[in-house]
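The values are calculated or read from the model by the stated rules, or taken from the named source; none is laboratory data. All figures in this text were calculated on a predicted structure; none of them were measured in a lab. Positions of Cβ are generated from backbone atoms using ideal geometry, with glycine treated the same way; all protein chains shown enter the neighbour counts. SASA here: full protein model, heavy atoms, side chains in, ligands and nucleic acids out. Shrake-Rupley method; radii C 1.70, N 1.55, O 1.52, S 1.80 Å.
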Amino acid sequence: MNAFEKLQKAEHLLRVTRDQFGLGRITKEEFKKREAEILERYRLTLGEERAYDLYLRMKGKRSSK
């Protein structure tokens with residue numbers, strides 16, 4: 001669940017940042033800086049990555065049956 005929450009928060013913040021850049025509210029440099037900060041802040045731990053990968057594999061097996 002931690003992995004999902006982190007991924008959701010990161011995606012939301014990245015979307016907001018992309019929108020601000022697209023509307024010209026922030027410069028390209030500011031966009032790159034914010035993007036890097038968001039990715040670093042919401043980086044998954046090794047345990048979270050494993051859990052998320054396991055979830056994706058299990059989900060894939062269920063949908064193929």
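If you go through region 54-65 one residue at a time, how many are among the small types (Gly, Ala, Ser) and open to solvent by 60 Å² or more (accessible area, probe 1.4 Å)?
Count: 2.
If I go through region 26-36 residue by residue, how many of them are over 18 Å from LEU7 (Cα atoms) and surrounded by 12 or more Cβ atoms within 10 Å (Cβ to Cβ)?
5
Mind telling me which of the residues LEU44, LEU39, LEU23, LEU14 ends up being at pLDDT 95 or above, open to solvent by 60 Å² or more (accessible area, probe 1.4 Å), of a type in the set (A, V, I, L, M) and within 15 Å of the chain's Cα centre (by Cα)?
LEU39
In region 1-11, which residues are charged (D, E, K, R) and either touching a residue at least 60 places away in the same chain (Cβ under 8 Å) or open to solvent by 60 Å² or more (accessible area, probe 1.4 Å) (or both)?
Matches in region 1-11: GLU5, LYS9, GLU11.
Among the numbered criteria (1) at pLDDT 95 or above; (2) surrounded by 15 or more Cβ atoms within 10 Å (Cβ to Cβ), which one does ALA51 miss?
(1)
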